[in-house]
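Working notes for the structure below.
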Amino acid sequence: MIIRPARLADSLSVLALRNDPDAVRYSPSGDLVSEAEHAKWYPLACYGSPVFFVASTGGVAVGFARVDILAWVSVALDREYRRRGWARELVQVACAAFPGDVRAQVHQDNAPSLRLFAACGFKELYRDAPWVYFEREREHDRA
Ligand SMILES: CC(C)(COP(=O)(O)OP(=O)(O)OC[C@H]1O[C@@H](n2cnc3c(N)ncnc32)[C@H](O)[C@@H]1OP(=O)(O)O)[C@@H](O)C(=O)NCCC(=O)NCCS
């Protein structure tokens, strides 16, 4: 697995990751992302996000971690490649590439994601059901 910046050519792989059943179930909207919506969003996200990395294996993007302009972190990994520590590596690399503190909003029932962010040095800030809010201080990388 290599971690590299997202490219326009990764668009369909990223759409599949955004529409993974777990990703949809635990997303704020709870809705599938349409191809048309993704086609508008992806180029802007790809080139406009402060950090947008993919995990690639065999030339295919099987996961991503993104930090948006407001420092919110999002992450998803193809279910076939989960539980190998890849998401953890992706999130750590993405956070290290962002110049400030970062945050995450996680559904309270999303056990893998709650565990992932805690394992990456995020501290729980507060809960507003069903959401759990985390923050990771930039200093974490220098500690
Ligand atoms: C969340 C997600 C990215 C985790 O991917 P992953 O590759 O399985 O995670 P990793 O293997 O890197 O594991 C990271 C941590 O989560 C834990 N974890 C992973 N899957 C878990 C599960 N099903 N239950 C409990 N803990 C789990 C691991 O044990 C590890 O913790 P540790 O380092 O303390 O042992 C993946 O489940 C996913 O893509 N889910 C759908 C999208 C999503 O929910 N994104 C987050 C939105 S906020």
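The values are calculated or read from the model by the stated rules, or taken from the named source; none is laboratory data. All figures in this text were calculated on a predicted structure; none of them were measured in a lab. Ideal geometry is used to build each Cβ from the backbone, glycine not excepted, and the neighbour counts take in all protein chains shown.
Considering (1) away from the ligand (no atom under 15 Å from the Cβ); (2) in a helix (DSSP H, G or I); (3) in contact with a helix residue (DSSP H, G or I) (Cβ under 9 Å, 6 or more places away or on another chain); (4) not aromatic (F, W, Y), say which one K40 fails and leave the rest.
So K40 meets the others, but not (3).
Going by the conditions given, is D31 within 13 Å of the ligand (Cβ to nearest atom) and either in a loop (DSSP other than H, G, I, E, B) or at pLDDT 95 or above (or both)? Spell out how you get there, then give the answer.
Values: within 13 Å of the ligand (Cβ to nearest atom): no; either in a loop (DSSP other than H, G, I, E, B) or at pLDDT 95 or above (or both): yes.
No: the conditions fail for D31.
Got a number for residues in region 80-99 being farther than 13 Å from R136 by Cβ and either touching an Asp or Glu at 6+ places or on another chain (Cβ under 7 Å) or crowded, with 18+ Cβ neighbours inside 10 Å (or both)?
Adding up the residues that qualify gives 3.
Here is a check on your reading of the model: is V60 within 28 Å of A9 (Cβ to Cβ), under 15 Å from the mean Cα position of the chain (by Cα) and either surrounded by 13 or more Cβ atoms within 10 Å (Cβ to Cβ) or not basic (K, R) (or both)?
Details: within 28 Å of A9 (Cβ to Cβ): yes; under 15 Å from the mean Cα position of the chain (by Cα): no; either surrounded by 13 or more Cβ atoms within 10 Å (Cβ to Cβ) or not basic (K, R) (or both): yes.
Criteria not met by V60.
Go through region 1-28 residue by residue and tally those that are part of a helix (DSSP H, G or I), more than 15 Å from the ligand (Cβ to nearest atom) and surrounded by 11 or more Cβ atoms within 10 Å (Cβ to Cβ). Talk me through it step by step, then tell me what you get.
Our first condition is that a residue be part of a helix (DSSP H, G or I); within region 1-28, this holds for 8-18, 21-25.
Applying the additional criterion that residues be more than 15 Å from the ligand (Cβ to nearest atom) yields 8-12.
Now drop any that are not surrounded by 11 or more Cβ atoms within 10 Å (Cβ to Cβ), which leaves 10-12.
Total meeting the criteria: 3.
Can you work out which of the residues in region 99-126 that are among the aliphatic types (A, V, I, L, M) and more than 18 Å from V24 (Cβ to Cβ) is farthest from the chain's Cα centre (by Cα)?
Keep residues of region 99-126 that are among the aliphatic types (A, V, I, L, M), which gives 102, 104, 106, 111, 114, 116, 118-119, 125.
Those left that are additionally more than 18 Å from V24 (Cβ to Cβ): 102, 118-119, 125.
Details: V102: 12, A118: 14, A119: 14, L125: 19 Å.
Here the answer is L125.
Take the residues in region 105-143 that are closer than 15 Å to V75 by Cα and aliphatic (A, V, I, L, M), then tell me which one is surrounded by the most Cβ atoms within 10 Å (Cβ to Cβ).
Per the criteria, the residue is V106.
List the residue pairs whose Cβ atoms are under 7 Å apart, where the first residue sits in region 106-118 and is free of Cβ contacts under 8 Å to residues at least 60 places away in the same chain, the second is surrounded by 18 or more Cβ atoms within 10 Å (Cβ to Cβ) and not in a helix (DSSP H, G or I), and the two are 6 or more positions apart or on different chains.
Q108/V132; L114/V106; L114/V132; F117/A104; F117/V106; F117/F134
Kindly establish whether S49 is away from the ligand (no atom under 12 Å from the Cβ), modelled with pLDDT under 95 and out of contact with any helix residue (DSSP H, G or I) (no Cβ under 9 Å at 6 or more places or on another chain). Before you say what the answer is, go through the steps one by one.
Details: away from the ligand (no atom under 12 Å from the Cβ): yes; modelled with pLDDT under 95: no; out of contact with any helix residue (DSSP H, G or I) (no Cβ under 9 Å at 6 or more places or on another chain): yes.
Against the criterion (away from the ligand (no atom under 12 Å from the Cβ), modelled with pLDDT under 95 and out of contact with any helix residue (DSSP H, G or I) (no Cβ under 9 Å at 6 or more places or on another chain)), S49 does not qualify.
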